[in-house]
Amino acid sequence: MESKPCRNSLAIKTSHVLPPDTNNHGTLFGGKLMAHIDDVAAIAAVRHARKLVVTASTDSVDFLAPVKEGDSVCVEAFVTWTHTTSMEVFVKAVTENLLTGSRKVCTTAFLTFVAIDDDGKPTSIPKVYPETDQEKKLNESAPERAEQRKKRREHSKEMAATFGTDYPWNQNV
């Protein structure tokens, strides 16, 4: 499989924030922004792998600036690092006041996707390589983030085993 540059996976989506997208504060629902992030990141992952993908994890999503009703939100994503069947995707969301042109980064996130075959089994993907200084910085720091994800996943498995599917605090209800 031939390696591909990060830029080949770039996906961009701009949306107008309308009243049904907002909460009682007149700002975009966090879950709506997260849906945009997952959607655009998945497109970037499929562009890289040219295979179906599933979301394996989403690192923390910190809301850095509000996205207000009437603003636009532009979500950009590209693959920064690959393993055998998985890939890390960097996402940046920028809000813009369409009347003034003022723009702010409202969030950044890393998501991990796994490429799957027709039977839903993980399948190999091409390697990715960085070209710009920003891509190189993200690519070089990716193994550390991957190790953090691995530890977090183990902790999540422990929590799942501890709490299971029952609600022990409500057994008498």
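The values are calculated or read from the model by the stated rules, or taken from the named source; none is laboratory data. What you see is a predicted model, and the numbers here were worked out from it, not measured in a lab. Here the Cβ positions follow ideal geometry from the backbone for every residue, glycine too, while neighbour counts run over all protein chains shown.
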inquiry  = Could you check region 63-120 and list, in sequence order, the residues that are of a type in the set (Asp, Glu), touching a helix residue (DSSP H, G or I) at 6+ places or on another chain (Cβ under 8 Å) and either under 20 Å from Thr22 (Cα atoms) or in a loop (DSSP other than H, G, I, E, B) (or both)?
reply    = Glu69
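Taking the options Val17, Val79, Val54, name whichever one is under 18 Å from the mean Cα position of the chain (by Cα) and crowded, with 18+ Cβ neighbours inside 10 Å.
Val79
Matching residues to (1) without any contact (Cβ under 8 Å) to a residue 40 or more places away in the chain; (2) among the hydroxyl-bearing types (Ser, Thr, Tyr); (3) in contact with a Gly (Cβ under 7 Å, 6 or more places away or on another chain):
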| residue | (1), (2), (3) |
| --- | --- |
| Lys104 | no, no, no |
| Ile116 | no, no, no |
| Lys121 | yes, no, no |
| Pro130 | no, no, no |
| Glu140 | yes, no, no |
| Lys151 | yes, no, no |
| Ala161 | yes, no, no |
| Thr165 | yes, yes, no |
Failed item in (1) under 20 Å from the mean Cα position of the chain (by Cα); (2) within 25 Å of Met1 (Cα to Cα); (3) acidic (Asp, Glu), with Glu131 passing the rest = (1)
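Against the definition (among the acidic types (Asp, Glu) and at pLDDT below 95), how does Asp166 come out, yes or no?
The answer is yes for Asp166.
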remark   = When region 102-127 is checked residue by residue, the ones that are under 20 Å from Gly30 (Cβ atoms) and over 18 Å from the mean Cα position of the chain (by Cα) are Arg103, Lys104
